[in-house]
Structures are given as C-alpha cells and as structure tokens.
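Notes follow once the structure below has been shown.
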Amino acid sequence: MPARAMRFFDPHIHVTSRTTDDLEAMAAAGIRAIIEPAFWVGQPRTTVGSFEDYFASLIGWERFRASQFGIAHFCAIGLNSKEANNERLADEVLELLPRYALKEGVVAVGEIGFDEITPAEERAYVRQLEFAVENEMVVMVHSPHRDKKRGIQRSIAIAKEIGVPMERLVIDHNNEETVEDTLSSGAWAAFTIYPHTKMGSERMCSLVERYGSERIIVDSSADWGVSDPLSVPRTAALMLERGISQSDIERTTWSNALAAYSQSGQIDTEALLASPEIDQTKLYNDNSVLRGQEAKVPGPVPN
Ligand SMILES: [Zn+2]
C-alpha cells in the first residue's frame, strides 16, 4: 500500500499559524486528525485576556477551520513553560484552566513542562499536573531544547511524584539521548520531526528500527517558524521506503497517538475512520473560510 493511501494523526501542530494551503495539503496527504497544544505565540503576552482569546480560538475557530478541510481538530490547554516565568501573569492564566481545559475537544493539559528549568516553570508545571490528576486528564509535556535530558528526567520524576499515571503522560520532543529514559518510565515518547535539523525523518526511522513502535509517536510541531506540517506523512513514506513494517508505521503515525489521547474520552475513533464530511457552507459566528470560492459540500471525497 502506498504511504499516501494511509491515514495519519499529527498529535502536535500549531495550526493556528498555518495557512489554508497547509490544511489542504495536510488533508490530501492523509492527515485525518490533529492536536493543537496551547503554546507560546512568539511574542510574550502581557495580559491574561490574550490567553483567554487564544484558548477560545483553539476550542472554537481553529476547530471549525480544520473541519472545513476534513481534518478533526483537538487541542490541549495549558500554560507553556516560557511564559510561566512571568509569575504574576502565570497565576492569572492558571486560574483559567478549569474554564477552558474541560471543554469539548480538549484532549490533554499541555503543552507544559520546562524551558530553562527555572523554579517558576516548575511551580506552573506542578500546579497543572495536579489539575490533570484531579480531572483524570492526559498530559502533554514539552521538553527543553537545551539540557533536554535533564529536563525530561525532571519532568518525569515530578509527574510521578504528583501521581500522574504514566500511561497518561506524553513526553514530547525526544531524541536518541532521551528515548530510553522516557520509554522506561512507562510514558509515551513523542518525537518532533523538524526539517533540516538533527531530528529529521532519517533519524526517526533509525529510532523505530532500533526501539520498535511501542509507545512511540511521530509529530510535526509545525508552527510559525521553519517547520513542516507534512512531517508525519513524509516520515511514514520514508519508513516504508526503508522497509519498516506497515504495523510499525501505522502505530507511530496513527494508532499510538490515538490510544494515548483517546484516554480523554474526547475522540470519536469511529468517526475518524469514516471518510471526512466537508461542508463549507457552514459558518462559525457568521464567518466562513471561503472568500467567494465554491463551497465543498458532503458527497463522495474525490481521490
Ligand atoms: Zn509545540
């Protein structure tokens, strides 16, 4: 079976910063579902209202926008590690969690964790883990780009201490140096494929050849920087080329992420298996994604 006939789940993409061309290309490449975790937006926010509007757009407009291209959009809500260092604002944002993280379509608390590994980051991480435990939520953990190994070890140790069940913990942005710590903890190990960097598709294939596919997840983390919203299908195609088994490809690019995040009770797996119904005559708060184009309406999806 050619890779393009497969279906994919990209469980980490900041699609709010991507264009409709990207959404079309993602759908055409077989991406059926995505998770958009709340994150930093490039410019530090100065008031809690900016977070409120951002969280509202993740559960509202962005969910609608993705649906208009046949992609099921889920999100994770949380205070990112970078902005946790603005402690006055952090407290106000943490107060918002119950209001947004328990809404329909939210599959995890995230992405949370460490950036510079500061005491303020740890405080925000602990509070959000406690919230996740109280509400039996999945947790998506961002790991630092610098001092990654120490950041991941510490993230796992704290999550264990707070009582997060390891099967509900997803550690993201792993690499060869951290994969064993993450897998041996019992958590899910997600890998972000960045184009033109060390953690590219080739290295991902080697990791799957070495460690297999159990609890291993591939994602794009595509955002407003140089990144690739098609990382997941591209990596799957390379895996196929390198002779990695269909079942390992399917697990790392579809069913593992589905298993991890459907623990939230928010994902209708049956609906994801059916072909997507696109109805572009729909509006969200009176707004459409179209600018005078002909609306796609339900019917057989052309291949
Ligand atoms: Zn991210």
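The values are calculated or read from the model by the stated rules, or taken from the named source; none is laboratory data. Fair warning: this is a prediction, and the values are worked out from it, not measured in the lab. Glycine gets a Cβ as well: all are built from the backbone with ideal geometry, and neighbour counts include every protein chain shown. Please note that ligands, DNA and RNA were not included when accessible areas were found on the heavy atoms of the full protein model with its side chains. Shrake-Rupley method; radii C 1.70, N 1.55, O 1.52, S 1.80 Å.
Things to note:
- Rounded to whole Å, sorted largest first: equivalent-ellipsoid semi-axes of the chain, Cα gyration tensor: 28, 25, 16
- Label-to-label distance, nm, for residues given as residue 167 and residue 285 (7 Å Cα→Cβ offset): 3.9
- Accessible surface computed residue by residue for the stretch 98-239, with neighbouring protein chains in place and a 1.4 Å probe, gives 40 Å² per residue.
- Span from the the stretch 91-119 Cα centroid across to the the stretch 230-270 one, whole angstrom: 25
- Helical mean residue ellipticity (222 nm; -39500 (n - 2.57) per DSSP H run of 4+; nearest 500) of the chain: -11500 deg cm²/dmol
- Within the stretch 215-303, trypsin sites (Lys or Arg not before Pro) in DSSP loop having at most 14 other beta-carbon neighbours inside 10 Å: 242, 282, 291
- For residue 160, a cut-off of 24 angstrom between C-alpha atoms picks up these lysines, skipping any fewer than 8 places away in its own chain: 82, 148, 149.
- Over the stretch 35-188 - Rg/Rh using Cα atoms and the Kirkwood inverse-distance radius: 0.96
- Note, ³J(HN,Hα) from phi for the stretch 257-266, Karplus 6.51, -1.76, 1.60, rounded to Hz, x at Gly and Pro: 4, 5, 5, 5, 8, 6, 4, 6, x, 9
- Residues whose amide H lies under 5 Å from that of residue 173, counting only those 5 or more places away or on a different chain, are 190, 191, 192; hydrogens are built 1.01 Å from N in the peptide plane.
- Computed log₁₀ I(q)/I(0) - Debye formula, equal Cα scatterers, no solvent, the stretch 138-226, q 0.22 Å⁻¹: -1.09
- For residue 186, net neighbour charge (Lys/Arg +1, Asp/Glu -1) across residues whose Cβ lies under 14 Å away: -1
- Close amide H pairs (under 5 Å, H built 1.01 Å from N) link residue 33 with 8, 10, 72, residues at least 5 positions away or on another chain.
- Using a Förster distance of 22 Å, the FRET efficiency for residue 197-residue 153 (Cβ separation, nearest 0.05): 0.45
- Antiparallel bridge percentage (DSSP; both residues within the chain; nearest 5): 5
- GluC sites (Glu not before Pro) lying in DSSP loop within the stretch 75-163, provided at most 11 other Cβ fall within 10 Å: 104, 136
- Listed residues 239, 166 arranged by accessible area, highest first, probe 1.4 Å: 166, 239
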